[in-house]
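Written below as structure tokens is the structure these notes are about.
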Amino acid sequence: MRQSEQDRLNALLEIENSLFASGKRVLAGVDEVGRGPLAGPVIAAAVVFDASKLKDLSKYTGLNDSKKVTEKNREKLSAIIMEEALSFAFGSMDEKIIDEINIFQASHRAMETAVTSLTVTPDIVLIDGSYKIKITHPQDAIIDGDAKSFVIAAASIIAKVKRDGIMREYDKEFPVYGFAKNKGYGTKEHIEAIRKHGRCRIHRQCFGKNF
């Protein structure tokens, strides 16, 4: 691993190392993906690490906010993260729940589900965003956490890979919308398909009401 990449990953671990130094031993990161799409679920992931799992950073070369990682590298990193983590879990809220309680509340519920599904109890949970969630664990909400925290970035990676896989499966059922390519986001082609074919059952009724 190049020194510049080593330095970048070390910087991404500054929050975690500070927590380890303060006496915390087991940390969880939580992030969600899928707030913006017109279709499909919002997926959250929680992932747990201790210091021993973060000593050899060469395993995680390229780890970053999932939006800054290529699809190929996300899939590779996701497999490594799930193998190395002490525990990981997902939470999913579908389009019906999103329409019922709004995307903000659905995203939080997905994150809460992910955390409460972990098989290892973390000393603290680091959450991407500015709002805390309804869990009994100590927690810290970090704005842009997926770019500042290793464990949150790891959660963002596995959440993104999980959701992309779900959308590829939906593409087989509803091929006219191009879900395998657009993952449910409002691309020009996706919007044109909605105008031509109408919405399918996984479209969010509360999104894109003007077309």
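Restricting attention to the stretch 149-171, does a residue exist that is in a strand (DSSP E or B), surrounded by fewer than 19 Cβ atoms within 10 Å (Cβ to Cβ) and not hydrophobic (A, V, I, L, M, F, W, C)?
Our first condition is that a residue be in a strand (DSSP E or B); within the stretch 149-171, this holds for none.
Checked against the condition, which is being in a strand (DSSP E or B), surrounded by fewer than 19 Cβ atoms within 10 Å (Cβ to Cβ) and not hydrophobic (A, V, I, L, M, F, W, C), the stretch 149-171 yields no hits at all.
Within the stretch 50-89, track down each residue that is farther than 28 Å from Arg168 by Cβ, of a type in the set (A, V, I, L, M, F, W, C) and modelled with pLDDT of 95 or more. Break it down stepwise before answering.
Filtering the stretch 50-89 down to residues farther than 28 Å from Arg168 by Cβ leaves 50-58, 86.
When the remaining residues are screened for being of a type in the set (A, V, I, L, M, F, W, C), the result is 51, 54, 57, 86.
Within the stretch 50-89, Ala51, Leu86 meet the criteria.
Could you say whether any residue in the stretch 97-117 is surrounded by 17 or more Cβ atoms within 10 Å (Cβ to Cβ) and in contact with a Leu (Cβ under 9 Å, 6 or more places away or on another chain)?
no
State yes or no: is Ser156 within 20 Å of Leu77 (Cβ to Cβ), under 12 Å from the mean Cα position of the chain (by Cα) and polar (S, T, N, Q)?
So Ser156 fits the description; yes.
Does the stretch 44-59 contain any residue that is of a type outside the set (Lys, Arg) and closer than 25 Å to Lys181 by Cα?
First, the residues of the stretch 44-59 that are of a type outside the set (Lys, Arg): 44-52, 54, 56-58.
If we keep only those that are closer than 25 Å to Lys181 by Cα too, we end up with 44-45.
Yes, that holds for at least one residue.
Residues in the stretch 192-211: is at least one surrounded by 14 or more Cβ atoms within 10 Å (Cβ to Cβ) and assigned to a helix (DSSP H, G or I)?
yes
Within the stretch 68-79, can you find the residues that are over 19 Å from Ala114 (Cβ atoms) and part of a helix (DSSP H, G or I)?
The first filter runs over the stretch 68-79 and keeps only residues over 19 Å from Ala114 (Cβ atoms), leaving 68-73, 75-76.
Lys68, Glu71, Lys72, Asn73, Glu75, Lys76 - these are the residues of the stretch 68-79 that are over 19 Å from Ala114 (Cβ atoms) and part of a helix (DSSP H, G or I).
Condition (residue is aliphatic (A, V, I, L, M), crowded, with 17+ Cβ neighbours inside 10 Å and either under 17 Å from Asp140 (Cβ atoms) or touching a strand residue (DSSP E or B) at 6+ places or on another chain (Cβ under 9 Å) (or both)) applied to the stretch 63-73: is it met by at least one residue?
Within the stretch 63-73, the first condition is being aliphatic (A, V, I, L, M), and the residues that meet it are 63, 69.
Of the ones still in play, those that are also crowded, with 17+ Cβ neighbours inside 10 Å are 63, 69.
Keeping just the survivors that are either under 17 Å from Asp140 (Cβ atoms) or touching a strand residue (DSSP E or B) at 6+ places or on another chain (Cβ under 9 Å) (or both) gives none.
No, the conditions are met nowhere in the stretch 63-73.
The values are calculated or read from the model by the stated rules, or taken from the named source; none is laboratory data. Computed from a predicted model, the values in this text were never measured in an experiment. Every residue, glycine among them, receives a Cβ derived from its backbone with ideal geometry; neighbour counts consider all protein chains shown.
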